[in-house]
Structures are given as structure tokens and as C-alpha cells.
1. For the chain, take the convex hull of the Cα atoms, compute a quarter of its surface area, and give me that in nm², please.
2. Can you give the Rg to Rh ratio for the range 1-80, taking only C-alpha atoms and Rh from Kirkwood?
3. So between residue 51 and residue 21, what do we pick up on full extension, going 0.36 nm a residue minus the alpha carbon distance?
4. Take the Cα coordinates of the range 126-190, assign each an equal point scatterer, and use the Debye formula without solvent to give log10 I(q)/I(0) at q = 0.12, 0.18, 0.25 Å⁻¹.
5. Among 116, 28, 108, which one shows the highest mean-square fluctuation when the chain is modelled as a Gaussian network with alpha-carbon springs under 10 Å?
6. Sort out for me the Cα centre separation of the range 91-119 from the range 6-56, rounded to whole Å.
7. Return the calculated 222 nm mean residue ellipticity for the chain, to the nearest 500 deg cm²/dmol, obtained by summing -39500 (n - 2.57) across DSSP H runs with n ≥ 4 and dividing by the residue count.
8. As an exercise, use a Förster radius of 35 Å and the Cβ-Cβ distance of residue 198 and residue 166 to find the FRET efficiency, rounded to the nearest 0.05.
């Protein structure tokens, strides 16, 4: 009934946050204690909630039980599906209070906020460089390991980022999706377009320091 009444009689003695069920409070307390009693039998990774372990197990089994009713794409958990559906609806309910930019989920907003605060909480254990999100750290780690997990099915060339593979594929397909708004010339990537635009603007951003 508390889901209807909104009553939350169980409060955290550490931060004061309230919950409708004692089980939710118990799970929350682990964010303070760091306790992670649920472990993956495959890789040993530990979690504070059994539901998170269940979702994690799908990374091993490949199971994706949540499907998009619009395009049919499958996802490992309902959260990923919820975010995906917004790509169809265009909904971006989370806004940045500093610049007003909108985002589909709180995770994207949190990462964006670091562009304002300068916070970089993820560090490389090899060279100590810091990053705003785990994705950037993962890509960076490949500069140390040499890993290039994205390969071209046409020529076999490998890349450390999927975006690099996408750009490379255009050398095979001939696709040039970035047009110049002034002269109409098209380019394979935005970097080439940026350089080209300087032929129109006359911009010369690089100067000799000698």
C-alpha cells in the first residue's frame, strides 16, 4: 500500500534518506558500508544487490530479455531499454542547470556536468591520467595494451574505437556524410570538414612559436 500512499517509514541513520520498505533500506545501507554480498560465480565481481548481479550475469550469458516495441532491439535490462526508447521519442527530461542542455538519462547528465566542474574521477592505473567517464578510460587503456577490438570486415584493419572503424568504412563505401554549407563539398569525417572550412574563413589557428 505504501506505493500508493507514498509513505516511507524506514530512514537511513547515516544520510536521512527514507524508504517504503526495509529491504530497500538494507540495500541502500550498503552504499555507505561498501558491502557487496552478491558475487558472480563466473568472474568474481561483487554487487550490493542481487538484482544487479542478475543483470550482470547477462553480460556472460548474452541474454537480452527486454525488447523495444518500436524497432525490436533487445537489451540486458529495463534501464537500458528505457534510455533506448527515448531515442525514438526524442524525450530528454534531464537538463543541465548551468548551460540548459538536455539529456535522456541522469547518467549522461552526470558525465556532462563534469565538463563544467572539471571533475575526472576515473584514473589510469598505468600512467595516472584522469578521465570524466569509464568509457574514455577504457579507450585510453588500449593505448597501453595495444588492444584493437574493432575490425573491418572488408580489409581486416583493426581499430581501438568503433567510431574509428565507422570512419574507416567510408574509405570502402565512398560515403561522405559531412557537407560544406558554403560550397557543398562533402567529406568522410567532421575533422576533414573543419580543415576545409578554413579555406573559406581564412582561419589559420596554428602559429610558429620560433
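Since every read-out is calculated from the coordinates, none of them should be taken as a lab result. It should be emphasised that the depicted structure is a prediction, and the values quoted were computed from it without experimental measurement. Glycine gets a Cβ as well: all are built from the backbone with ideal geometry, and neighbour counts include every protein chain shown.
1. Averaged projected hull area, Cα only: 19.8 nm².
2. 1.09
3. Difference between extended and current length: 9.2 nm.
4. Values, matching the q order: -0.45, -0.77, -1.00.
5. The residue that fluctuates most here is 28.
6. Using only Cα atoms, the two centres lie 26 Å from each other.
7. About -12500 deg cm²/dmol.
8. 0.90
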